Amino acid sequence: MRRIEQDVPPPTQSVEIWDFPTRIFHWTLVITVFVAFFTGEDDIPVFILHTYLGYVVGLLVVFRLFWGVVGNRYARFWDFVRPWSVIRSYARKLMRLSPPRYIGHNPLGGLMILAILATLAVVVVTGMAAGVDEGAIIPFFSGMPSWIAKIAEDVHEGFANFLMVLVAIHVAGVIFDGILTGENLIKAMINGHKLIDQSIEPAPRVGAWRSVFLAVLLGMAWVWMVWQTQF
């Protein structure tokens with residue numbers, strides 16, 4: 001009898017792609033940003049909370065910048081920051097509903113990460129500057145002229161709204177990618193695991209001391225900034 005050959009999918013393995021520090025960063029940032037967004041009011045108790053949350057967001061951005069250098073393979077910038085030619089090629093394939101699968105962030109996802117981090121940095125810096133106009137003493141911004149603080153406040157509000165647009169696009173992209181590739185990216189960012197081809201060697205884990213060391217330093221920085229702030 002003639003043997004009928006069938007396409008057999010390659011064997012897969014469940015591998016941790018997003019390490020624990022990356023996942024903690026991601027979900028802490030999500031919660032902090034949304035709470036900060038809805039507490040941006042002039043009422044003093046709410047304004048104080050908004051300011052302290054802004055410090056958290058700023059230090060989380062700093063953490064991600066460092067972790068993009070010393071974190072595990074898929075958290076590092078060199079893994080997902082792609083040249084424009086690669087981004088454009090991926091976008092074209094996405095428009096044809098046949099995007100290639102990436103183990104880590106795809107090129108558009110990597111671009112979105114950079115856009116969100118840059119926007120967050122602008123929001124935090126302008127927010128700290130704007131606090132001077134509210135009569136607060138903010139670290140690094142004491143003595144700033146009131147007219148600059150007023151401009152910073154307008155920029156802060158504009159970029160905060162722009163951030164929400166980026167977040168909406170990001171969430172839509174995650175859902176759309178999941179539909180096309182069959183991957184549950186939200187679940188992967190919760191448990192850290194993805195199913196990948198067994199022929200692909202898993203990325204080695206990095207020492208936990210790196211994230212602990214960074215977290216302790218940034219925690220101390222947050223306490224110092226809170227201590228220096230007066231309302």
Rounded to whole Å², per residue accessible area for the range 92-231 with a 1.4 Å probe reads 59 Å²
Candidates LEU180, LEU59, LEU218; GNM for the chain (alpha-carbon contacts under 10 Å) flags as most fluctuating LEU180
Probe 1.4 Å, all chains present, heavy atoms only: TYR55 accessible area in Å², nearest 10, is 0 Å²
Expected unfolding gain across VAL122-ALA168 under the 0.36 nm per residue rule, minus the alpha-carbon gap, is 14.7 nm
If every Lys and Arg gets +1 and every Asp and Glu gets -1 at its Cβ, then about the Cα centre the chain yields a dipole, in debye to the nearest 20, of 1200 debye
The range 100-170 and the range 13-60 have their Cα centres apart by a whole-number Å value of 13 Å
Ordering GLU134, GLU16 by the accessible surface of their heavy atoms, 1.4 Å probe, largest first, yields GLU134, GLU16
Diffing the range 186-191: the Karplus 3J(HN,Hα) column from phi (6.51, -1.76, 1.60, θ = phi - 60°), in whole Hz with x for Gly and Pro, holds 5, 4, 5, 7, 8, 9
Subtracting the Cα-Cα distance of VAL62 and GLN228 from 0.36 nm times their residue separation yields 57.8 nm
Any DSSP H helix in the chain with Cα axial reach of 20 Å or more and mean Kyte-Doolittle score of at least 1.6? Listed by number, the hits are 44-70, 107-131
Counting only protein heavy atoms with a 1.4 Å probe and every protein chain in place, the carbon and sulfur fraction of the accessible surface of the range 9-120 in whole percent equals 71 percent
Two pseudo-spin positions, 7 Å from Cα along C-beta at SER14 and at PHE140, lie apart in nanometres by 4.2 nm
Expressed in square angstrom to the nearest 10, the accessible area of HIS50 with a 1.4 Å probe stands at 40 Å²
Once all protein chains are kept in place, MET220 shows an accessible area at probe 1.4 Å, nearest 10 Å², of 120 Å²
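The values are calculated or read from the model by the stated rules, or taken from the named source; none is laboratory data. None of these values were measured; they are calculated from a predicted model. Note that each Cβ is placed from the backbone with ideal geometry, even for glycine, and that neighbours are counted across all protein chains shown. SASA here: full protein model, heavy atoms, side chains in, ligands and nucleic acids out. Shrake-Rupley method; radii C 1.70, N 1.55, O 1.52, S 1.80 Å.
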